[in-house]
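The structure appears right after this line, and notes come after that.
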Amino acid sequence: MIYMILDAIETVNIYKSFLLVVIKIHLKRKDGTFMFSKKDLQRLIVPLIIEQFLSITIGMADTVMVSVCGEATVSGVSLVDAINILLINIFSALATGGAIVSSQYIGREEPHQACEAAKQLILSVFVLSTAIGTLFVFGGPQILGFIYHDVESAVMQNAEIYFFLTALSYPFIALYNAGAALFRAMGNSRISMVISIVMNCINVGGNALFIFGFDMGAAGAALATLISRIVGAIFILILLHRSNNVIHIDSYLHLNFHPGMIKNILAIGIPNGLENGMFQLGKIIVQGMIASYGTAAIAANAVCNSIAGFPIIPGTAIGLAMITVVGQCVGARQYDQAKSYIYRLTGLAYVFMLVLNILIAVFCRPIIGCFSLSQEAAHTAEQMMLWHSLFCAIFWPAAFTMPNGLRAANDVRFTMIVSVVSMWLCRICLSYVFGTMMGLGALGTWFAMFADWIFRIFFFAYRLHSNKWQHRELENKLAAAD
């Protein structure tokens, strides 16, 4: 079935034609060959955009489906999702570390070492995700009570049920993310796109069955998520086992522990994980502030978070592609090409995101009308989305797409420091100032988020222009692990 879907995807020519017009990159190695042709970028970026689009739209469908169960259910699911996203981002950060190491090995034309890095990545994410999942399965109520002690009892009851079942899925989503990152490191993003389609179809079908058919509410949404992630992990591990891949794992039963290789992965994964973890931790803290503003504010914020994921799809997808492109350029010591790709791919993200944010702003009210919100929650959500469309189109790509080029060059400590400082100074402190002290409520926390974006841009743009991120590839560390 997977390969039938892969063949069918070849018919998506509209996206391919558009990208061929927009991408104007003519960069060559010193020996005259292209590092990444326009067709290479097209094959990498188009599936990523489709995958991200499906992920966001299915996420919106999830929220719409759950919303029929009432605002208490939507709010409970939203509170848990903030924690789930924190953990998933940590797993993804570790996967990104493995993907960058593998990409640089590919750039150095050392596929055997790239395969060894893949084995250590799979082993690492499985151990970490299983340990965290076990902790959260048995300690879920205590964790939720500590973070969200002010929420209503009905909201907490739904949150506890949802948290228990989704925590069981941590090892599976971690393995899927690791496999997807490795395929992207090979320049093959179509595999993860297809598996994502399968997972999302299972998720939506499961929601329809468990929520509408069996009236299971939050438990039904969580169960559908668990099943879809199990299927996704199984599929991607089977495909990663194929020996015709540049990066492949010959046996999952003999993943020997290699401390040197894991150290290389963690050298990128830990700072990246801390950055993503602090980012999501800040969002959870802000979520706690929003919870104190009432159930309507929680519901409005949950719906807007779901919608806000849509216009950033191109920026997120191109940022993932940048990991592969810049990583291989740095591995081959083609720094001029790496910098040019960072600028041009960020520009491409701006083109896409401008169009999408205009559409969101124009159709804001009918989109929000699709959700079963109270009048107060709907009004707040509309204000959030209109402001988000403006700031997102102007600032988001430079704040989030562009720094992925720095990360791919192993400049992860700098991006981590900037992101953590920005999170605490802008997103958390200003959320309290705007939301509580100035009385703007949930809308004030979004203005604090916009300030966070602007703060990041100043430092990331300076770093890229200064070229201090160059010559930081993992050459010495990689040689030590050989």
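The values are calculated or read from the model by the stated rules, or taken from the named source; none is laboratory data. As the structure is a prediction and not an experimental result, all values here were calculated from the model. Cβ atoms come from the backbone with ideal geometry, glycine included; neighbour counts cover every protein chain shown. For accessibility, only protein heavy atoms count, side chains too; no ligands or nucleic acids. Shrake-Rupley method; radii C 1.70, N 1.55, O 1.52, S 1.80 Å.
Let me check something: with ligands and nucleic acids excluded, how do VAL101, VAL362 order by accessible area (1.4 Å probe), largest to smallest? List each step's numbers first, then the result.
Details: VAL101 0, VAL362 100 Å².
Largest accessible area first, the list is VAL362, VAL101.
The solvent-accessible area of MET289, taken with every protein chain present and a 1.4 Å probe, is close to 40 Å². Once you sort the root eigenvalues of the Cα gyration tensor of segment 384-468 as a ≥ b ≥ c, which label holds: rounded (a/c under 1.5), prolate (a/b larger than b/c) or oblate (the other case)? Cα axes put segment 384-468 in the prolate bin.
For segment 154-297, a/c is not less than 1.5, where a ≥ b ≥ c are the root eigenvalues of the C-alpha gyration tensor, and a/b does not top b/c. That puts it in the oblate class. When LEU386, LEU86 are compared by accessible area of protein heavy atoms, the largest-first order is LEU386, LEU86, using a 1.4 Å probe.
Within the chain, what's the longest stretch lacking chymotrypsin sites (Phe, Trp or Tyr not before Pro) that sit in DSSP loops with no more than 12 other Cβ atoms inside 10 Å? With chymotrypsin sites (Phe, Trp or Tyr not before Pro) excluded where exposed in loops, the chain gives 1-213 as its longest stretch. In the chain, the longest principal axis of the Cα atoms and the axis of helix 375-396 are about 20 degrees apart. Normalised by the number of residues in the chain, the mean separation of alpha-carbon contacts (under 8 Å, six or more apart) gives a relative contact order of 21 percent.
When only the heavy atoms of the protein chains count and the probe is 1.4 Å, how do LEU135, LEU226, LEU253 rank by accessible area, highest first?
Per-residue accessible area, sorted high to low, gives LEU253, LEU135, LEU226.
Here is the list for segment 202-300: trypsin sites (Lys or Arg not before Pro) lying in DSSP coil, each with at most 15 other C-beta atoms within 10 angstrom of its C-beta, are ARG242. The computed Rg/Rh (Cα atoms, Kirkwood Rh) for the structure shown corresponds, within (i) 1.04; (ii) 0.95; (iii) 1.13, to (ii).
Rounded to the nearest whole Hz, the Karplus-based 3J(HN,Hα) values (6.51 cos²θ - 1.76 cosθ + 1.60, θ = phi - 60°) of segment 36-51 follow the sequence 9, 7, 4, 5, 4, 5, 4, 5, 7, 7, 4, x, 5, 5, 4, 4, with x at glycine and proline. Accessible surface for CYS364 stands near 10 Å², nearest 10, in the context of the full protein assembly shown (1.4 Å probe).
A simple rule links phi to the HN-Hα coupling: the Karplus curve 6.51 cos²θ - 1.76 cosθ + 1.60 with θ = phi - 60°, which for segment 317-326 gives 5, 5, x, 5, 5, 5, 4, 5, 5, 5 Hz, with x for Gly and Pro. For segment 250-346, what does the alpha-carbon gyration tensor say about shape, rounded, prolate or oblate, given a ≥ b ≥ c as the root eigenvalues, a/c under 1.5 as rounded, and a/b over b/c as prolate? It comes out oblate by the Cα gyration axes.
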